[in-house]
Amino acid sequence: MNLEKRGFIEIKPGDFATILVKEYLEFDLQHTARIGLVSRFGRQGLVAALGLQIDPGYRGNRTVSLYNLSPTCVIITYREDFLTL
């Protein structure tokens, strides 16, 4: 699915979605980062399956898997912040 064209993704209850994050990351060998789901999406019932750390020297776009544990749909719009770094 092309989110740029569609404008949003709807993750239905019990659904699993894998998203390629638009931002390109480039870390030198002295820096690392922690990554997590924005809390409001966690409160809506999403769980992110991702490594908790981005290693030194990492270069590329992240792929994030999301699982909706809630009984309602969760919508993420194109370019909406859903991760923290």
*asked:* In Å², and per residue, what accessible area does the chain have when probed at 1.4 Å with the other protein chains present?
replied: 66 Å²
*asked:* Please report the carbon-and-sulfur percent of the accessible area for the chain; probe 1.4 Å, protein heavy atoms only, DNA, RNA and ligands left out.
replied: 52 percent
*asked:* Just to be sure I follow: if Rg is taken over the C-alpha atoms of the range 10-49 and Rh is the Kirkwood radius over the same atoms, what is Rg/Rh?
replied: 1.06
*asked:* Please give the charge dipole size of the chain, origin at the Cα centre, charges +1 on K and R Cβ atoms and -1 on D and E Cβ atoms. Round to the nearest 20 debye.
replied: 220 debye
*Cα-projected label distance for TYR24 with ARG40, points at 7 Å along beta-carbon direction, nm*: 3.0 nm
*Using a cut-off of 12 Å between beta-carbons, work out the net charge of the residues near ILE35 (Lys and Arg +1, Asp and Glu -1, ILE35 not included).*
0
*Grab the other residues whose beta carbon is less than 12 angstrom from that of SER70, score K and R as +1, D and E as -1, and report the net.*
+1
*Which listed residue (VAL64, GLY7, ALA33) has the Cα farthest towards the positive end of the charge dipole for the chain, taking +1 on Lys and Arg C-beta and -1 on Asp and Glu C-beta about the Cα centre?*
GLY7
*Count charges around LEU52 for me, please; just the other residues with Cβ under 13 Å from its Cβ, Lys/Arg as +1, Asp/Glu as -1.*
+1
*For the pair LEU83 and HIS31, how long in nm is the line joining their label points, each one 7 Å along Cα→Cβ?*
1.6 nm
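The values are calculated or read from the model by the stated rules, or taken from the named source; none is laboratory data. Bear in mind that the values here come from a model prediction, so they are computed numbers and not experimental data. Using ideal geometry, Cβ is built from the backbone for each residue, glycine included, and neighbour counts are taken over all protein chains shown. SASA here: full protein model, heavy atoms, side chains in, ligands and nucleic acids out. Shrake-Rupley method; radii C 1.70, N 1.55, O 1.52, S 1.80 Å.
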